[in-house]
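**Student:** Have a look at the structure that comes next, please.
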Amino acid sequence: MDRQQFSVSYGGDNYAEDYYSEDYYELYDDQLEDANQYYEPNINSEIHSEPSFWSNLTFRQLCTQCVVPAVWSTGNLLGTTLILCIFFRLFIVICNKIKVVPEAVLHTVCAICGILPLVLFHEDGDLYQLLLQIVLYPMFCYIVSIICILTLKRHSSIVFSIIILFTLFYRECFTNDSKWQKTKSAHMLMSMKAMAILFDIQSNKLCTFPSVPQYTGYMMCAGTVYLGPFLTFQEYSNAFSSSVNWNKTKVCRLIWKVIISLLCFVLSICVVDWLFSQYLLTNNKSNSIINIFLTMYKQALEFRTGHYFVAYASTVFATVCGYHHKYNNEILVTRPLIMEWPRSLLHVVVHWNAPMHYWLKKYVFEEILKYGNKNKKHRNRIIAVGTTYLVSSLLHGLERRLSAVLLSLAAYTYVEHQMRTKLASRFPNKFSYYDKNIYPHHGSKTYLSSSNQKNWFFWSINIMFTILNIIHLAYLGSVVDMSVGNSYSTTYQESFAPWSRVSYFSHFIMLFMFFISIIL
């Protein structure tokens, strides 16, 4: 099955974002080409509802032909990366004790451990060109950063960000290089790190610009160069300057996260498609509302479980390497239970990828607010949210389907925000708008909390919004079909066939809610 995993991002004060590396899926897909030679995805179908290859298998065949190969091939990749992370951590611990190894060597070893998985598992030939794309990009960012700092000073971070974003956009739109498709997730992460450094320099959170070894190690740091998560320079530096307290509980938690990561990968590649196809094949009413919704939900769930795989794997790698927050908190990437039972879209966009949410909020949303008119706060927030979603799209090269999902999500979140704010103000004795909860990097908001948890109105409103959000997420995720390539190679009708088949009903629900919020 030709499955291409590509990234969808949700970002901002009402948003978050994520990134994907296609390498893990591509290696596994190559092993399945012979088994799937008779299966060709039809992008011209209305909603890709034709039976898949896995739907014709029994459960035993599914395990032997899909689950076991998936676990084996992905386990090799994860295991090799994990061994390199352990080696890097042990190297740091030993060097900190003997205190004779120069700091530049530590950062160089970190960068080497970061790019070694690419060398070990590269199969397409021309490894030299691929390495050049990874190694030369930090040098490009470093040189442009220095030029911007020396010539622009006050607005150096904004100008640098514009240059980097349009560089990514150009590569995505005008480069048909397979090497770029394999490394664009790494370029995206390195771009965000480079922009974060300049903003931190400008806000005096970093006193001096990093040296070349520090910059290279940070950009290509071990365990995170492909899958993430995003790290600030301070979090990266913590791995060299502070110790990590290891105990049985922490080790068991890491092992459990590795198991969850592999389970999510198997669900994304094999099980979700097989389970839903079993029901869809037995029910011949292909145009029924239930079947249409299940098909959309299946495609969205495949994408989400693929994201959970990457999120849990990246958390394990970052923890083993010793990256952590300044309070020694473990880096948390996602919360699957909140994604699958979304009480609010705000929870979804914040917890989809918390480190990326932090980056967008701190380095885009809050920076844009600084330039706004203090007397027009509402307009400033709308502009800041819109700019944040634009930056999120530019990071992914303004991919058509992704940009449509982001724009839609921005509108959905804004409408829900307005509606729930007015509900809370209309019924102050029953609801408070939100409570603040302390999480690393940001305050998360819990919608419509109630002092009386047995209040039937409180529960009915929350359940109504939860069900509506499940429908919205299935609708939005249905266009992120892993069997279809980059939308630049497809027509508009092919890219948005899942939405057009259901007459864009979710967008009309959003418009209806918007008018209701105006009336309230």
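**Student:** With a ≥ b ≥ c taken as the square roots of the eigenvalues of the C-alpha gyration tensor of the stretch 138-267, please select rounded if a/c is under 1.5 and otherwise prolate if a/b is larger than b/c or oblate if it is not? Spell out each step's value before the answer.
**Tutor:** Details: a/c = 2.87, a/b = 1.35, b/c = 2.12.
Cα axes put the stretch 138-267 in the oblate bin.
**Student:** For a test of understanding, tell me how many lysine pairs in the stretch 305-436 have Cα atoms under 26 Å apart, given they are 8 or more places apart or on different chains.
**Tutor:** 24
**Student:** On the full set of protein chains, 1.4 Å probe, figure out the accessible area of Phe265 and give it in Å² to the nearest 10.
**Tutor:** Phe265 exposes around 0 Å² with every protein chain in place.
**Student:** Using the Cα gyration tensor of the stretch 272-427, with a ≥ b ≥ c the square roots of its eigenvalues, what is the shape: rounded (a/c below 1.5), prolate (a/b larger than b/c) or oblate (neither)?
**Tutor:** Judged from the Cα gyration tensor, the stretch 272-427 comes out oblate (a/c at least 1.5, b/c at or above a/b).
**Student:** Computed FRET efficiency, Cβ-Cβ of Tyr492 and Lys250, R0 51 Å: what is it to the nearest 0.05?
**Tutor:** Here the calculated transfer efficiency is 0.55.
**Student:** So, R0 is 25 Å and r is the distance between the beta-carbons of Lys205 and Asn373; what FRET efficiency does that work out to, to 0.05? Walk me through the intermediate numbers first.
**Tutor:** Working: r = 26 Å, r/R0 = 1.04.
It comes to 0.45.
The values are calculated or read from the model by the stated rules, or taken from the named source; none is laboratory data. Note that the structure is predicted; figures quoted are calculated from it, not measured. Using ideal geometry, Cβ is built from the backbone for each residue, glycine included, and neighbour counts are taken over all protein chains shown. Please note that ligands, DNA and RNA were not included when accessible areas were found on the heavy atoms of the full protein model with its side chains. Shrake-Rupley method; radii C 1.70, N 1.55, O 1.52, S 1.80 Å.
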